[in-house]
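See below for the structure under consideration.
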Amino acid sequence: MVAHDSILDAIGATPLVRLSRIAAGLTPQVFAKVEALNPGGSIKDRVALRMIEAAERDGLLRPGGTIVEPTSGNTGTGLAMAARIKGYRVIAVMPDKMSQEKIDLLRALGAEVVVTPTDVDPDSPRSYYSVSKRLTEEIPGAFNPNQYANPANPQTHVDWTGPEIWRQTGGRITHLVAGVGTGGTITGIARYLKAQNPDIQVIGADPEGSIYSSDEVRPYLTEGVGEDFWPTTFDPSVVDRYVTVSDKDAFLSARQLSLVEGILSGGSCGTAMVAALTVAREITDPDAVVVVILPDGGRSYLSKIYNDTWMREHGFLERPPERTVGDVLRTKEQEGGVPQMVAVRPTHKVRQAIAVMHEHGVSQLPVVSPHDADALVGSIGERGLLRRAAKDPAVLDADISDVMELPFPAVSADGPVREAVELLSGDQQALAVIEGGRPVGLVTRSDLLESLVVPA
């Protein structure tokens, strides 16, 4: 049998994937290191395991101990997964900008989650750094791996991820692009690669508002990348250049990566992709090989990056143009085959009106003047006719003028659907649509309802 002793043995050896579609037409070859294929779903599986192993060797973590970690979710997931195997308790302290999926995933793995506010200073007692420190001090036997200062963080990538990339590219890598969060990933991989070839260029992908590349440090929505302080696990000297990326560009890039390459990725991956493509467009050497680290997958962001409503609410997607009453009328004609304007005259018999309604599959009709087809003088509907016919069947041979009701309220074809809905909030069942000063058709409650449910 060929099998792993535990899920922890499945960490690492993630594939390098050529991005032949999203990078089509660019001079260099662009490859993605797809870290979402680690069992916990991110590159942090590597770091979590190695930090625990280092703590065990150093006697900082003993059987039955508690691991307390400030995390954007991915490190906590890796720690929780390893803790299940090794028998430790995990408390993950997270800022409140993190997705619900990340919180649910941590809890599914048995971790306890403490959520703290995002918009506080790092040294605030309410920050996720401070809360995790306090919990570590208060809980007997607790250990805080502190990925922001733990040397095992960058060393993991010196020993493990860096050599993988070197082997997978056959030593041909010329540019490394990676996000800078704790700094461990970019520091460790860069140290290893530059030891093999000092000419390799290292590009840090960083969100707007992060301390690494922004003049103004401010909150941003991209998760798991950037910082508002300088972690000791980050060695700035390894970075040759930064590319600063907005939340919008990061999220749209992640969505494009999913649609074009079939790689479902997170916002930090989008940040890295924008930076990688920016750099690749500037390269003129056809032998250049760009490797971009995609640190996690997109399943933890389905309620955010891949949710059109969330994206629109935050201004990252254009809102679709508001549908008009005229749009509804045209759709009704195209899909239902109903002519826009079907009407009867006051001199027609009720039987004739009923036949017209049955022919066109409608339940109500406008009544137009016998002298001017554009003048609405009344209305007739199945509901009113049924009440009258039940009392006096002879009404079927009456003139429509004898039984017609008031004309339908009028609404402009250019008017938005929401205004038409308000006009139908009472007992009224239909509206006459006016375009260019003349009636062009009717819209009913059901027509408007369908227009709200079915995308334009």
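Rule-based calculations on the coordinates, nothing more; no lab input. In this text the structure is predicted, and so the values were computed from the model without any measurement. Methodologically, a virtual Cβ is constructed for each residue, glycine included, from the backbone with ideal geometry; neighbour enumeration extends over all protein chains shown.
Summary table below
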item	result
Packing-based exposure ordering (other Cβ within 10 Å, fewest first) of His360, His371, His175	His371, His360, His175
Degrees between helix 267-282 axis and first principal axis of the chain (Cα, 0 to 90, nearest 10)	80
Entries in Lys44/Lys194; Lys332/Lys391; Lys86/Lys248; Lys194/Lys248 that, when Cα-Cα distance is taken, lie over 30 Å	Lys332/Lys391; Lys86/Lys248; Lys194/Lys248
Scaled radius of gyration (Cα, divided by 2.2 N^0.38 Å) that segment 44-143 gives	1.01
Additional length obtainable on full extension of the chain from Leu60 to Asp240, 0.36 nm per residue less Cα span	61.2 nm
With Cα atoms, 0 to 90° folded angle of helix 325-336 axis to the chain main axis	80
Net +/- balance of residues flanking Ile173 in space, Cβ distance below 12 Å, scoring K and R +1, D and E -1	+1
FRET E, pair Ser303, Arg218, Förster distance 25 Å, beta-carbon r, rounded to 0.05	0.60
Cα-based equivalent ellipsoid of segment 298-456: semi-axis lengths in Å, sorted from largest, via gyration tensor	39, 16, 13
Shape call, the chain: gyration tensor on alpha carbons, a/c limit 1.5	prolate
For segment 1-83, alpha-carbon Rg relative to the globular expectation (2.2 N^0.38 Å, N residues)	1.41
Cut-off 20 Å, label 7 Å out along Cα→Cβ of Ala390, residues of segment 427-451 by amide N	427-429
Helix-derived mean residue ellipticity, 222 nm - over the chain, DSSP H n ≥ 4, -39500 (n - 2.57), to 500	-10500 deg cm²/dmol
For Val30, net neighbour charge (Lys/Arg +1, Asp/Glu -1) across residues whose Cβ lies under 12 Å away	+3
Tail beyond 14 Å, pair distance distribution of segment 160-218 (Cα, percent)	55
Label-to-label distance, nm, for residues given as His314 and Val114 (7 Å Cα→Cβ offset)	2.6
Additional length obtainable on full extension of the chain from Ser20 to Ala373, 0.36 nm per residue less Cα span	120.9 nm
Rg and Dmax [Cα atoms of segment 155-256; Å; Rg one decimal, Dmax integer]	13.9, 40
Semi-axis lengths, Å, segment 246-382, gyration tensor of Cα atoms, sqrt of 5 times eigenvalues	60, 15, 13
Crossing angle, helix 128-138 versus the chain [Cα axis fit, 0-90 degrees, rounded to tens]	60
